[in-house]
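Step one of this worksheet: look at the structure below.
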Amino acid sequence: MLKLKNIQTFYGNIQALKDVSIELSEGEIVTLIGANGAGKTTTLMSISGIVPARSGEIFFMDEPIHDMSPDLIVALGVSQVPEGRRIFPYLTVSENLDMGAFLRNDTDEIQKDKEYVFGLFPILAERRNQAGGTLSGGEQQMLAISRALMARPRLLLLDEPSLGLAPLFVRQIFDIIEKINRENNTTIFLVEQNANLALKVAHRGYVMENGCITMMDKAGNLLSNEEVRKAYLGI
């Protein structure tokens, strides 16, 4: 479904990604783990077209997207939930969801999708007329995921969904990630600092160090890998 081939991405003269090659098949949950500053977020930003790759190729459903603008990439079926949530704080929960469906005009289906995400996150249904900025961190993360789902993505990019959340919210978020993947066959590319939890929900994983992919395997194998355990699992 998604293929990155020899991606090199820069911030000015500083190279963030070095010949990164990654593949995702339809219906998978794939996680990308690594230390802070390894290049994980930049990988997602390059896929979304927000920080375009300087060289290399990115294909989504066999279509090249590395030269596309972010809005066209969303229209193809790729949605990103950014690190730090980035909701619209002065818009209501319902209005935030409407922004996620900005490129759509199928009003009846949009309403159905809104009810679907309210079913996933009942607390958002209770707060539908409340300003997004008044929600707790966990509720804002739920809203950010729901907003991305309103675009009906085939591929969902999740950047640090557990960041700064209480353990109870973290477990809820990861349960919903698995549910979205299972019920909708939505492919998920997960960047996550909590490597232990990420590898437990993922089918496969990649390890990134200093902008390079250093390891790729089934998630279960990475969980039991001594190097990974020492470096990322604190074992």
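The values are calculated or read from the model by the stated rules, or taken from the named source; none is laboratory data. If you're wondering where the values come from, they're calculated on a predicted model, not measured in any experiment. When we count neighbours, we look across all protein chains shown, and the Cβ atoms used for this are built from the backbone with ideal geometry, even at glycine.
Of the residues making up segment 57-89, those that are farther than 23 Å from S162 by Cα, surrounded by fewer than 18 Cβ atoms within 10 Å (Cβ to Cβ) and not charged (D, E, K, R) are F59, M61, P64, S69, P70, L72, A75, L76, G77. Checking D108, D113 one by one, the residue that is under 24 Å from F60 (Cβ atoms) and either more than 18 Å from the chain's Cα centre (by Cα) or at pLDDT 95 or above (or both) is D113 and no other. Within segment 33-47, the set of residues being surrounded by fewer than 20 Cβ atoms within 10 Å (Cβ to Cβ) and in contact with a helix residue (DSSP H, G or I) (Cβ under 9 Å, 6 or more places away or on another chain) comprises A35 only. Looking at I173, is it under 17 Å from the mean Cα position of the chain (by Cα), modelled with pLDDT under 90 and either of a type outside the set (A, V, I, L, M, F, W, C) or within 21 Å of L44 (Cβ to Cβ) (or both)? The answer is yes for I173.
Scan R54, R104, R86 and give me the residue that is touching a Phe, Trp or Tyr at 6+ places or on another chain (Cβ under 6 Å) and not aromatic (F, W, Y).
Values: R104 fails: touching a Phe, Trp or Tyr at 6+ places or on another chain (Cβ under 6 Å); R86 fails: touching a Phe, Trp or Tyr at 6+ places or on another chain (Cβ under 6 Å).
Among R54, R104, R86, only R54 is touching a Phe, Trp or Tyr at 6+ places or on another chain (Cβ under 6 Å) and not aromatic (F, W, Y).
Cβ-Cβ contacts under 7 Å between residues 6 or more apart (or on different chains), taken from a first residue in segment 33-59 that is within 24 Å of Q193 (Cβ to Cβ) to a second residue that is surrounded by fewer than 21 Cβ atoms within 10 Å (Cβ to Cβ) and acidic (D, E), are listed as G34/E209; A38/E209; T41/E83.
Kindly evaluate L2 against the criterion of being in contact (Cβ under 8 Å) with a residue 60 or more places away in the chain, in contact with an Asp or Glu (Cβ under 9 Å, 6 or more places away or on another chain), surrounded by 15 or more Cβ atoms within 10 Å (Cβ to Cβ) and within 22 Å of M150 (Cα to Cα).
Values: in contact (Cβ under 8 Å) with a residue 60 or more places away in the chain: yes; in contact with an Asp or Glu (Cβ under 9 Å, 6 or more places away or on another chain): yes; surrounded by 15 or more Cβ atoms within 10 Å (Cβ to Cβ): yes; within 22 Å of M150 (Cα to Cα): yes.
Here the answer is yes, as L2 does meet what is asked.
Elements of the type helices (runs of 4 or more DSSP H) sitting completely within segment 135-224 and holding at least 2 residues that are among the polar types (S, T, N, Q), free of Cβ contacts under 8 Å to residues at least 24 places away in the same chain and on the phi < 0 side of the Ramachandran plot: these cover 219-224.
R104: of a type in the set (D, E, K, R) and either assigned to a helix (DSSP H, G or I) or out of contact with any helix residue (DSSP H, G or I) (no Cβ under 7 Å at 6 or more places or on another chain) (or both), yes or no?
Values: of a type in the set (D, E, K, R): yes; either assigned to a helix (DSSP H, G or I) or out of contact with any helix residue (DSSP H, G or I) (no Cβ under 7 Å at 6 or more places or on another chain) (or both): no.
Answer is no for this residue.
Within segment 215-235, the set of residues being surrounded by fewer than 14 Cβ atoms within 10 Å (Cβ to Cβ) and either within 25 Å of I14 (Cα to Cα) or modelled with pLDDT of 95 or more (or both) comprises just one member, K218.
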